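Have a look at the structure below before the remarks.
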Amino acid sequence: MRTRRHLLELASLDAATIGQLLDLAETFGDISRRPIKKVPTLRGRTVVNLFMEPSTRTRTSFELAAKRLSADTLNISGGSSSVVKGETLLDTARNIAAYAPDIIVLRHQDAGAPHLLARHIEASIVNAGDGAHEHPTQGLLDLLSIRQHKKRIEGLRVAIIGDIAHSRVARSGIVGLSKLGADVIVCGPPTMIPPGVEALGCAATFDRAEALDGADVVMMLRIQKERLEEELFPSDREYARAYGLDPDGLRRAKPDCLVMHPGPINRGVELDPRVADGPQSIILEQVHNGIAVRMAVLYHCAGGAG
Ligand code: NCD
């Protein structure tokens, strides 16, 4: 079996590898600014996007990234696959592996699903979000977006506000940012902050004002209702009042504080539209950077870099 390179999580990458992936993404970003947005780098390679959970940005940007590298792509989504007929993930993956793809990009509702495929399937596995565990390419595109504006990650004060307990974006964000030396504080109601979260390398508070004070970057997160068995807050209205971000709240942060959100936004809940669409928002730049980061990750996993 050839040595395969996966991207399963940021937790097992060191700061130097994360930095290299960001530099590589910066290079691939140039391709998306050309009139002809395509290079032959992965010609003849096959990338399968296996998405068992809903996705707009992640799925489309993985597909565009693979196409811009000239790889052949195949998209399979949960609702239209034989999973609905009772096939297990491993059986589905084994059948896909019979086509000998180079890379399988997996989004799955269960934490650890990509790790399972990495153990049993002969292809590189890229985690496109596994339950509430990690979303490493989102973490990388968030780091890239911050680095482009602030020219550094080290020493920045980053507030991550929302449903930290059920968010894979939060986990990859905390891990990636703290590895690169940022000062991360997570914030949300007590029901949404997992006990012991500090072990990931961040501070935690239930007080929105404390999180926002002096922040260089604020990352707002959606309540992950699809992962909840019961409501964790009395109502969306009260949540917005206590933990949402509006122009008044944003004034507590530094004047040049960046506002980020991985999408999809629940407007009027975690984010006031005036902030989401305001001058400090880099939300659509995050989406744009998703392509370059995923090109870098596909190239890295295909054995391209280093
Ligand atoms: C996130 C996800 O799926 O984890 N979205 C994304 O990938 N851009 C965040 C979310 O669904 O709230």
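Write out, first by first residue and then by second, each pair whose Cβ atoms fall under 6 Å of each other, whose residues are 6+ apart or on separate chains, and whose first residue, in the range 257-280, is part of a loop (DSSP other than H, G, I, E, B) while the second is within 14 Å of the ligand (Cβ to nearest atom) and among the β-branched types (Val, Ile, Thr). Taking only residues 6 or more apart or on different chains, the pairs are 261/283; 262/169.
For residue 207, are the conditions met, namely being surrounded by fewer than 16 Cβ atoms within 10 Å (Cβ to Cβ), farther than 22 Å from residue 12 by Cβ and of a type outside the set (Gly, Ala, Ser)? Yes, satisfied. In the range 112-140, which residue that is part of a loop (DSSP other than H, G, I, E, B) and touching a residue at least 24 places away in the same chain (Cβ under 8 Å) is surrounded by the fewest Cβ atoms within 10 Å (Cβ to Cβ)? Once the filter is applied, the top-ranked residue is 122. Exactly one residue among 227, 168, 222 is closer than 21 Å to residue 132 by Cβ, basic (Lys, Arg) and surrounded by fewer than 18 Cβ atoms within 10 Å (Cβ to Cβ), and that residue is 227.
Rundown of residues vs (1) in a strand (DSSP E or B); (2) in contact with a Gly (Cβ under 9 Å, 6 or more places away or on another chain); (3) surrounded by fewer than 15 Cβ atoms within 10 Å (Cβ to Cβ), yes/no style:
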residue	(1), (2), (3)
75	yes, no, no
87	no, no, yes
91	no, no, yes
96	no, no, no
104	yes, no, no
142	no, yes, no
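Tell me, yes or no, whether the range 188-207 has at least one residue that is within 16 Å of the ligand (Cβ to nearest atom), touching a Phe, Trp or Tyr at 6+ places or on another chain (Cβ under 7 Å) and of a type outside the set (Phe, Trp, Tyr). Checked the range 188-207: at least one residue is within 16 Å of the ligand (Cβ to nearest atom), touching a Phe, Trp or Tyr at 6+ places or on another chain (Cβ under 7 Å) and of a type outside the set (Phe, Trp, Tyr). Please specify each residue of the range 210-254 satisfying the condition of being in a helix (DSSP H, G or I), more than 21 Å from residue 167 (Cα to Cα) and in contact with a helix residue (DSSP H, G or I) (Cβ under 8 Å, 6 or more places away or on another chain). Within the range 210-254, 247, 249, 250 meet the criteria.
Exactly one residue among 274, 241, 251, 294 is within 15 Å of the ligand (Cβ to nearest atom) and charged (D, E, K, R), and that residue is 294. If you check 256, 246 for being more than 16 Å from the ligand (Cβ to nearest atom) and either under 24 Å from residue 148 (Cβ atoms) or buried (at least 18 other Cβ atoms within 10 Å of the Cβ) (or both), only one passes: 256. If you go through the range 1-57 and keep only what is surrounded by fewer than 17 Cβ atoms within 10 Å (Cβ to Cβ), of a type outside the set (S, T, N, Q), part of a helix (DSSP H, G or I) and in contact (Cβ under 8 Å) with a residue 24 or more places away in the chain, you end up with 15, 19, 26, 57.
Looking only at residues in the range 144-175 that are within 13 Å of the ligand (Cβ to nearest atom) and either among the acidic types (Asp, Glu) or in a loop (DSSP other than H, G, I, E, B) (or both), which one is farthest from residue 223 (Cα to Cα)? So the residue we want is 167.
Summed over the range 180-197, the residues that are under 20 Å from the mean Cα position of the chain (by Cα) and either over 27 Å from residue 151 (Cβ atoms) or of a type in the set (A, V, I, L, M, F, W, C) (or both) give a count of 11.
Here, each number is a calculation from the coordinates, and none is a lab measurement. Keep in mind that what you see is a predicted model, and the values were worked out from it rather than measured. Note that each Cβ is placed from the backbone with ideal geometry, even for glycine, and that neighbours are counted across all protein chains shown.
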